[in-house]
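A quick write-up on the structure given underneath.
Values quoted throughout were computed directly from the atomic coordinates according to the rules given, and no laboratory measurement underlies them. None of these values were measured; they are calculated from a predicted model.
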């Protein structure tokens, strides 16, 4: 059982948060701290002039609200939305917050993932704590 879990939630097509939340609940010690995190990719520079003012804050607020809804009934839960490179941010949050287990979803790697590496693969290879990878069906 783990005392502080970092649970990653992606919003791209095909990702369902239910499996990682179920795993986190199973791995969490009583009174464990659970941090749900989503990493927003930075908007491309060319698009910034076309986006309405405040879009980033609105998106962040909507994602935090969704994370909190996903974790309804979970005690000691914190929702966190950051911007940057997903693997780097996940590892940095885990280090700063003294997380003892990261729960992250993955997919079956194709040639794209084999050449570039997926976020889950980078987290697994660089994490200083346990990592539980939930395989997508």
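Structural remarks
- Taking each residue as 0.36 nm, the span from residue 106 to residue 25 lengthens on full extension beyond its C-alpha to C-alpha distance by 27.3 nm.
- Length-normalised contact order for the chain - Cα pairs under 8 Å, 6+ apart - percent: 31 percent
- Against the rule of thumb 2.2 N^0.38 Å, how large the Cα Rg of the chain comes out: 1.06
- Structure-based [θ]222 nm, the chain - -39500 (n - 2.57) summed over DSSP H runs of at least 4, per residue, nearest 500: -11000 deg cm²/dmol
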